[in-house]
């Protein structure tokens, strides 16, 4: 049974350099997730919008949906025919320079299907701020249910979009790379993968780190210690018995942490 914990998915793990107004739905989201990740909440790894926009720099981030055939709410279980949003104006408090587009293009996400939304644009001078985004949708069921996410009951938290001044070092995806002053970056290849991947770590100073993998709810299923040398390091990883879906990783020691997402495909 899927819970109506409707959240946004920023698909950094399978993010590709697509043209604006285009996105490809993420495969392998858990059945219990409709949108991922959840709005930002302290203590929940990977929650919130993790991409930062910069004035004068083209920006793009992708949100993914996994629509169930029924949901549970405080009023009981009810069927879902689709989750709909208007093709314009669904995002509240979005900077004027940004827009969005859906796949499917009509922004009607039918039950038992996946879809995605791409936010894109080039922030302009004067838009530097933190934007608390909300999304107006209609849940098509026995009756139509207008709803705004996040909320205080079904989807608590905040979707804060940061727009920084031109040249800010944080104007990049932070899901797999820490700001420049930490001198460490990590990504995995291939991603998505079915059986084997490797984490590629570039670091300025040698040290011992801990690599942790969790599911989207923060439940840990793998941890190992790794000794990293200055320069490029390769950490091999076998899927083993891990389930298909979207998972989180974190590489950390006492002074720095960096993380991202992996997507395991069904074989």
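The values are calculated or read from the model by the stated rules, or taken from the named source; none is laboratory data. Just so we're clear, the structure is a prediction, and the values are computed from it rather than from any experiment. Neighbour counts run over all protein chains shown; Cβ positions are idealised from the backbone, glycine included.
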Fill in: Matching residues, segment 208-234, being buried (at least 16 other Cβ atoms within 10 Å of the Cβ) and over 24 Å from residue 41 (Cβ atoms)
209, 228, 233
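Conditions (1) under 28 Å from residue 41 (Cβ atoms); (2) surrounded by fewer than 16 Cβ atoms within 10 Å (Cβ to Cβ); (3) touching a residue at least 24 places away in the same chain (Cβ under 8 Å), marked per residue:
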{"residue": "188", "(1), (2), (3)": "yes, no, yes"}
{"residue": "193", "(1), (2), (3)": "no, no, yes"}
{"residue": "206", "(1), (2), (3)": "no, yes, yes"}
{"residue": "251", "(1), (2), (3)": "yes, no, yes"}
{"residue": "255", "(1), (2), (3)": "yes, yes, no"}
{"residue": "260", "(1), (2), (3)": "yes, no, yes"}
{"residue": "263", "(1), (2), (3)": "yes, no, yes"}
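Considering only segment 195-204, how many residues are farther than 11 Å from residue 235 by Cβ, free of Cβ contacts under 8 Å to residues at least 40 places away in the same chain and surrounded by fewer than 18 Cβ atoms within 10 Å (Cβ to Cβ)?
So the count comes out to 2.
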Item to complete: Please enumerate the residues belonging to segment 69-96 that are touching a residue at least 60 places away in the same chain (Cβ under 8 Å), crowded, with 20+ Cβ neighbours inside 10 Å and part of a loop (DSSP other than H, G, I, E, B).
Response: 80, 95
Discussion item. I'd like the full set of residues that are buried (at least 18 other Cβ atoms within 10 Å of the Cβ) and either touching a helix residue (DSSP H, G or I) at 6+ places or on another chain (Cβ under 6 Å) or under 15 Å from residue 73 (Cα atoms) (or both), limited to segment 127-146.
Written reply: 139, 140
Discussion item. Suppose we filter 44, 62, 49 for residues that are over 20 Å from residue 116 (Cα atoms) and at pLDDT below 80; which single one remains?
Written reply: 44
Worksheet item: What number of residues within segment 134-161 satisfy the criterion of being more than 15 Å from the chain's Cα centre (by Cα) and either at pLDDT 85 or above or not in a loop (DSSP other than H, G, I, E, B) (or both)?
Response: 16
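Within the bounds of segment 168-177, is there any residue that is modelled with pLDDT of 80 or more and either outside the structural domain of residue 34 (by TED's automatic domain parsing) or in a loop (DSSP other than H, G, I, E, B) (or both)?
Taking every residue of segment 168-177 in turn, none turns out to be modelled with pLDDT of 80 or more and either outside the structural domain of residue 34 (by TED's automatic domain parsing) or in a loop (DSSP other than H, G, I, E, B) (or both).
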